[in-house]
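Scroll down for the structure; my scribbles are underneath it.
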Amino acid sequence: MMFSTRFTETFGITHPIVQGGMQWVGRAELAAAVANGGGLGLITALTQPTPEGLAAEIARCRELTDRPFGVNLTILPTIDPVPYDEYRDAIVASGVTVVETAGSNPAPHMPFFKEHGVKVIHKCTSVRHAVKAENVGVDAISIDGFECAGHPGEDDIPGLVLIPAAAAKISIPLIASGGFADGRGLAAALALGADGVNMGTRFLCTRESPVHQRVKERVVEATELDTELIFRTLRNTSRVASNAVSRETVETLSAKGIFEDVRHLVNGKRGRGVYELGDIDAGVWSVGLSQGLIHEIPSATELVGRIVDEAEEVIRAQFERIFARAELR
Ligand code: NAD
């Protein structure tokens with residue numbers, strides 16, 4: 001089955017499915033696997049320690065797929081300063097033509113990306129930021145509901161309201177993000193006015209995902225109840241897996257702690273250890289509420305087409321059944 005949407009048409013992607021730009025996870029193997037399935041795979045820029053490392057990762061991805069893929073560039077508070085402009089230059093110099101910006105206003109980067117023919121998807125968590133991004137010339141919006149992994153913003157609006165609210169206010173392609181893991185989700189997103197879905201946690205838990213098997217098993221075991229929201233008091237909220245480290249972070253900051261009190265707990269290098277060593281209690285690691293919908297570890301390449309087929313089944317067969325019942329009454 002093929003769904004043609006404004007997103008697939010504008011970006012030249014077969015299926016309306018984007019792989020979330022996950023820190024420590026968005027590496028060449030996963031981005032290429034998603035691209036090979038017909039979705040938009042994303043390499044996460046800051047997972048690479050230097051802009052040169054990012055250029056090498058992009059080259060490695062090209063060896064694994066001949067389909068288009070993109071790069072996620074997230075601009076949020078970090079412990080060590082990040083040379084964002086150099087990462088941006090490396091993306092363009094590598095010939096990548098799709099960038100997902102996230103975390104802050106993309107305006108300072110737009111002239112450079114436009115000049116080099118790069119299409120920009122801006123991921124944001126509020127309608128007002130989506131409208132602002134459309135006004136500064138981005139090509140698509142990825143609207144990220146409160147269900148999402150990582151940074152959901154501070155408004156706490158779930159997708160069921162956020163997606164149609166955004167669809168009513170913007171005219172460029174809209175990707176629904178946060179809480180999506182299967183074909184029912186894709187069908188729902190399309191019904192809410194989106195042109196596709198972005199999925200992070202679902203792709204984290206696939207065979208090609210470059211994280212330890214134990215992390216994937218934990219996602220399968222966990223339910224929608226097993227996340228924590230850290231950094232609420234700092235207005236840099238992040239949804240992460242519930243474990244002793246994330247609970248200690250919440251408790252410390254709730255008792256009027258400052259970032260310095262939790263820096264040793266939340267350092268991304270500890271989170272990286274979780275993914276690489278499989279010790280799921282070693283640090284904080286991002287995961288979304290959608291883990292409650294994830295029950296197995298499929299191939300990312302196969303998953304893309306499977307979700308589209310499932311969505312078709314939901315839209316066609318389920319609604320046919322509903323209409324047939326209504327006619328019998
Ligand atoms: P890091 O080790 O620099 O920081 C760890 C965490 O602390 C991050 O969430 C960061 O935003 C937060 N942080 C750092 N300094 C802060 C401060 N002064 N006040 C409040 N919070 C602060 O980050 P990392 O793990 O190496 O990740 C690199 C970048 O990717 C960060 O910007 C991070 O936020 C982002 N990220 C995004 C997602 C997501 O939304 N999908 C997930 C993981 C990381």
If the requirement is being open to solvent by 20 Å² or more (accessible area, probe 1.4 Å), at pLDDT below 95, acidic (Asp, Glu) and more than 15 Å from the ligand (Cβ to nearest atom), which of these qualifies: Glu302, Glu320?
Glu320
Of those in segment 46-89 that are near the ligand (Cβ under 9 Å from one of its atoms) and open to solvent by less than 10 Å² (accessible area, probe 1.4 Å), the residue nearest to the chain's Cα centre (by Cα) is Asn72
Flagged pairs (Cβ under 7 angstrom, 6 or more apart or on separate chains; first in segment 148-162, closer than 20 Å to Pro77 by Cβ and modelled with pLDDT of 95 or more; second more than 10 Å from the ligand (Cβ to nearest atom) and among the aromatic types (Phe, Trp, Tyr)) are Pro152/Phe146; Asp156/Phe146
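How many of the residues making up segment 264-291 are in a helix (DSSP H, G or I) and open to solvent by less than 20 Å² (accessible area, probe 1.4 Å)?
Result for segment 264-291: 8.
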Restricting to segment 253-270, give me the number of residues that are within 9 Å of the ligand (Cβ to nearest atom) and touching a helix residue (DSSP H, G or I) at 6+ places or on another chain (Cβ under 9 Å).
6
Going through segment 162-219 one residue at a time, which ones are in contact with a Lys or Arg (Cβ under 8 Å, 6 or more places away or on another chain), of a type in the set (A, V, I, L, M) and assigned to a helix (DSSP H, G or I)?
Leu204
Residue under evaluation Val250, criteria (1) surrounded by fewer than 18 Cβ atoms within 10 Å (Cβ to Cβ); (2) assigned to a helix (DSSP H, G or I); (3) within 14 Å of the ligand (Cβ to nearest atom), criterion not met:
(1)
Of (1) in contact with a Cys (Cβ under 9 Å, 6 or more places away or on another chain); (2) touching a residue at least 40 places away in the same chain (Cβ under 8 Å); (3) not in a helix (DSSP H, G or I), Ala130 satisfies every one except (3)
Residue satisfying all of: in segment 193-226; under 25 Å from Glu100 (Cβ atoms) and of a type in the set (Lys, Arg); surrounded by the most Cβ atoms within 10 Å (Cβ to Cβ) among these
Arg202
Does Val240 satisfy being assigned to a loop (DSSP other than H, G, I, E, B), within 11 Å of the ligand (Cβ to nearest atom), in contact with a strand residue (DSSP E or B) (Cβ under 8 Å, 6 or more places away or on another chain) and not charged (D, E, K, R)?
no
Within the set of pairs 6+ apart or on separate chains, which have a first residue in segment 28-50 that is within 24 Å of Gly305 (Cβ to Cβ) and assigned to a loop (DSSP other than H, G, I, E, B), a second that is open to solvent by less than 10 Å² (accessible area, probe 1.4 Å) and away from the ligand (no atom under 14 Å from the Cβ), and C-beta atoms under 6 Å apart?
Gly37/Val304; Gly38/Val304; Gly39/Ile17; Gly39/Val304; Gly41/Ala31; Gly41/Val34; Gly41/Ala35
Which residue out of Ala176, Ala181 is open to solvent by less than 40 Å² (accessible area, probe 1.4 Å) and in contact with a Leu (Cβ under 6 Å, 6 or more places away or on another chain)?
Ala181
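The values are calculated or read from the model by the stated rules, or taken from the named source; none is laboratory data. If you're wondering where the values come from, they're calculated on a predicted model, not measured in any experiment. Neighbour counts are summed over all protein chains in view; Cβ atoms, including those assigned to glycine, are modelled from backbone coordinates with ideal geometry. Just so you know, the surface numbers come from the protein's heavy atoms only, side chains and all, with ligands and any DNA or RNA stripped out. Shrake-Rupley method; radii C 1.70, N 1.55, O 1.52, S 1.80 Å.
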